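Asker: So that we are looking at the same thing, I have put the structure below in structure tokens.
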Amino acid sequence: MQSIRGIKRSLNRSPAIVIKLDSLTGLDIARILRSYKVPVIGIADDPAHFSCKTNACMEIHYTNTSDGNLLRTLMSLAPKWKSRCVLVPCSDESVRVISDNRAELGEFYNFVIPDGVLLD
């Protein structure tokens, strides 16, 4: 169990945003990050998916993670944090959305994704 001091310290950090939480990869990454006291926000397609019942995330947002809805969700979350959050996409489709919108997202988020030429 995490102490109150540990919880307060982790809330002062910008979260990692795990995209496609409703996958085994997304759930595993959220759990690993949380074990290192990194605050995690999950983004998922399916609210009924068992991964969305995890306590590893401080928030979970639901949207289509493979189209422009993901971009809109990320842009709506951006003003909440003082520093840049890290994006952790867990599907090929979400990697494509981030890559296609890297200029806009790069102002608010940190991510390491190859450009579109390498993704094709």
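Asker: Please work out the Cα convex hull volume for the chain and give it in Å³ per residue.
Answerer: Taking only Cα atoms, the chain has a hull volume of 97 Å³ per residue.
Asker: Report the relative contact order of the chain, percent, no decimals, based on alpha-carbon pairs under 8 angstrom and at least 6 residues apart. Each step should come with its number before you reach the end.
Answerer: On the way: 187 pairs, mean separation 29.8, N = 120.
Across the chain, relative contact order equals 25 percent.
Asker: Compute the angle between helix 68-77 and the longest alpha-carbon principal axis of the chain, please, reported from 0 to 90 degrees and rounded to the nearest 10.
Answerer: With both axes taken from Cα atoms, the answer is about 40 degrees.
Asker: So what's the convex hull volume per residue for the Cα atoms of segment 35-96, in Å³? Mind dumping the intermediate values first?
Answerer: Numbers: hull volume 6.1 nm³, N = 62.
Dividing the Cα hull volume of segment 35-96 by its residue count gives 98 Å³.
A short reminder: the numbers here are calculations on the coordinates, not readings from a lab. All values reported here derive from a predicted model rather than from experimental measurement.
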